[in-house]
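Worksheet: the structure to be examined is printed underneath.
Any read-out appearing in this document is the output of simple, stated calculations on the displayed coordinates, not a laboratory observation. The structure displayed is predicted, hence computed values, not measured ones. With ideal geometry, Cβ positions are generated from the backbone for all residues, glycine too; neighbour counts draw on all protein chains shown.
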Amino acid sequence: SRTPVREAIRVLTAIGLVQNTGRQGAEVAQISIPILIEMFELMAVLEGMCAQLAARRATEDERSSMLATHCILEETLERGDHKDFYNVNLKFHDQLYQASHTQYLCNETLRLRRRLSPYRMRVTYQPGRMRATLGEHFEIIKAVETGDSEGAMEAARSHMRLLGNQLEDFIASLPIVLKK
């Protein structure tokens with residue numbers, strides 16, 4: 001029926017994956033590479049804020065859960081399962097957001113993450129990215145564990161940044177439908 005389709009389009013429009021074109025209907029949203037890079041830069045700032053606050057506010061249970069998820073992530077790397085790795089990685093980031101104990105910041109970070117998810121998944125598939133993620137997560141965990149809020153913020157920001165060859169490889173992997 002039409003109702004579930006309309007609802008799905010409404011949800012996709014709300015997170016920015018679809019744009020409503022009025023009488024023509026809806027179409028897949030296209031963004032330019034510069035805007036996409038800006039979105040990743042903002043994601044780095046938001047994740048950095050979450051990590052900074054988590055270092056100050058995380059409970060012992062939350063820190064333990066993040067470490068346990070990190071261990072599961074190590075196991076998925078050994079299996080070489082990119083999709084499972086991506087999903088466990090999302091769980092780690094969810095735990096980091098929750099440990100910040102900030103409702104609005106968590107919601108906005110999740111909103112941008114959903115918008116970036118097709119692109120973040122592409123980053124996961126870049127050669128060497130999964131292994132690098134483990135080291136970066138460990139730096140975040142270490143800073144959260146010791147209450148180093150500035151270190152946690154910088155580790156999380158660094159984890160989300162696309163720099164140098166990594167950025168070039170990511171852009172080269174994008175489909176041509178992006179606006180240049």
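With an a/c value of 1.5 or above and a/b not larger than b/c for the gyration tensor axes a ≥ b ≥ c computed over the alpha-carbon atoms, segment 100-156 is described as oblate. In order along segment 39-47, the Karplus-derived 3J(HN,Hα) couplings, from 6.51 cos²θ - 1.76 cosθ + 1.60 at θ = phi - 60°, round to 5, 5, 5, 5, 4, 4, 5, 5, 5 Hz, and Gly and Pro are given as x.
Peptide packing: for 26-38, 57-69, the average count of neighbouring Cβ atoms within 10 Å per residue gives the ranking 57-69, 26-38, highest mean first. The magnitude of the dipole of the chain, with charges of +1 and -1 set on the Cβ of Lys/Arg and Asp/Glu and taken from the Cα centre, is near 1020 debye. Database remark: amide H of Gly16 closer than 5 angstrom to no amide H (H placed geometrically; neighbours at sequence offset of 5 or more, or on other chains; Pro and chain starts carry no H). Legend: calculated FRET efficiency, Glu38 to Glu60, from the Cβ-Cβ distance at R0 = 30 Å, rounded to 0.05, equals 0.25.
Fully extending the segment from Ser1 to Leu105, taken as 0.36 nm per residue of separation minus the present Cα-Cα distance, adds 33.8 nm. Think of segment 25-145 as having a plus end and a minus end, set by charges on the Cβ of Lys, Arg, Asp and Glu; of Ala44, Met130, Ala143, Ala44 sits farthest toward the positive end of this dipole. Positive end of the dipole of the chain (Cβ unit charges, origin at the Cα centre): among Ala29, Ser117, Phe170, the Cα lying farthest that way belongs to Ala29. With Rh defined as the Kirkwood radius, the inverse of the mean 1/r over Cα pairs, the Rg/Rh of segment 1-84 is 1.14. Taking a ≥ b ≥ c as the square roots of the eigenvalues of the alpha carbon gyration tensor, segment 49-125 is oblate, as a/c is not under 1.5 and a/b does not beat b/c. Compute the whole-percent fraction of alpha carbon pairs in the chain spaced more than 27 Å apart. Summing the P(r) tail past 27 Å for the chain gives 32 percent.
Placing +1 on each Lys and Arg Cβ and -1 on each Asp and Glu Cβ, with no other charges, gives segment 1-88 a dipole about its Cα centre of roughly 620 debye.
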